[in-house]
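The values are calculated or read from the model by the stated rules, or taken from the named source; none is laboratory data. The model shown is predicted, which means the values in this text are computed figures rather than measured ones. Cβ placement follows ideal geometry from the backbone for every residue including glycine, while neighbour counts extend to all protein chains displayed.
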Amino acid sequence: MPVSNHSRLIVSTVGTSLLTNAANDNAPDRKRLNDLSNAKVLTGEDEELVVRYVDRAAATLATDNLADVRRASAELNGLLTLAREESSTNTLDQHMLITTDTALGRRCAELIAEYMQAHEMSVVGTLVPGELTTATRAGYQEGIRNLVKQCEETFPGYQQAGYALVFNLVGGFKSLQGYMTTLGMIYGAESVYLFEGKGAELLHIPPLPIVVDDQVLIQHAVPLAMMVDGREMIPAELVAGISQVLVEADAESACASAWGEVLWGRIRQKIYRESLLDFPRLQYAKSFERDFQAATPEQRIELQTKLARVSALLLAHDGDRAPLRADGGLLYETYRDRPSDGSQIDHFRISQGDRVSCIWREGELHLRHFGARNQVNGNP
């Protein structure tokens, strides 16, 4: 394999092999560690058991015997094999770990990060998606949703900075491999695996980017925006005709699936920049439409992200403004002494500097102006 000479973000999934391998000579303890794999908190004898094997694993990692380190940790086995292929550790590489929201997952990630940092591998962070365990199906699905959200908040920034993505999937729980492989395709990442066996070589799966039909997302932009950026369940009838890959729905309500969130994240800025979406319970005055046309692409993105939230809240609460006032990101308030046709004029926050003025009528907001705070406040 050629030596890598460019910047990479190497993302390694972390399991509990470091602890269970340390207990190979004690079958009851190894079984107990496996039984604790989904525990978020450890107490009493369980905590003592885990600390004992954390100490044993740390002692193994502190040796200079790379063969012992490889046997101890599947994750490090993958990274050390990758370095061996390239003859050295690439100093341009940055590393990130992904582990489960469990006590054992966190302990193993800490041990691996400490080893990597001691051996000149730059660890920039560990992602621990909330609720990511296999204890229950519902919890696991929520954990995957949080994983996808954290990946979308993290990986694009590195790619924009010129980093190539590599997913080291040698370690970690098997239940994550399918999702991570698919995420690798979405982000155009190379994935590496390692089959068991002495002297085994890494299996490299080159970037196989998924080509998404943008028209499908554009066609359903409003409900996708309300579910993802609006952060609310929406009526099931609004997602009729949308692929089940993108949404999770029952007879009454729907939310975006993990894949729906990441695919919407891939195209949302393009859609928000181009045209004003027709969100439910929002009406646009001509003056508001002119303000939108005059706004910068960045302002349009920020605006429509907030409009998705406003629309979703109004729809979820039957037009009641109280949830808007309670939302700290909107800072929804009523102007004092600003009557208009007998109606009070309200306003809410888009960003640090931009505001929207509006009038509430029969469960709908009629948006009047958008722009700089002083400008809108001076002429709402």
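A few comments on the model shown:
- Residue pairs whose Cβ atoms lie under 7 Å apart, separated by 6 or more positions or on different chains, with the first residue in the stretch 260-272 and of a type in the set (A, V, I, L, M, F, W, C) and the second not in a helix (DSSP H, G or I), are Leu263/Val212; Leu263/Leu246; Trp264/Ala256.
- Filtering the stretch 33-48 to residues that are in contact with a helix residue (DSSP H, G or I) (Cβ under 6 Å, 6 or more places away or on another chain) and either assigned to a helix (DSSP H, G or I) or not assigned by TED's automatic domain parsing to the domain that holds Tyr193 (or both) leaves only Leu33.
- Residue identified as farther than 30 Å from Lys31 by Cα, in a helix (DSSP H, G or I), in the same structural domain as Val14 (by TED's automatic domain parsing) and in contact with a Cys (Cβ under 7 Å, 6 or more places away or on another chain) among Leu82, Leu183: Leu183
- Matching residues in the stretch 156-180 - criterion: being within 16 Å of the chain's Cα centre (by Cα) and part of a strand (DSSP E or B): Leu165, Phe167
- Filter result for Glu75 (touching a Gly at 6+ places or on another chain (Cβ under 6 Å), in contact (Cβ under 8 Å) with a residue 12 or more places away in the chain and assigned to a helix (DSSP H, G or I)): yes
- Residues in the stretch 258-278 that are surrounded by 16 or more Cβ atoms within 10 Å (Cβ to Cβ) and part of a loop (DSSP other than H, G, I, E, B): Leu276, Leu277.
- Taking every residue in the stretch 163-178 that is surrounded by fewer than 19 Cβ atoms within 10 Å (Cβ to Cβ) and pairing it with any residue that is of a type in the set (A, V, I, L, M), at least 6 positions away or on another chain, the pairs with Cβ-Cβ distances below 7 Å are Tyr163/Leu9; Gln177/Leu169.
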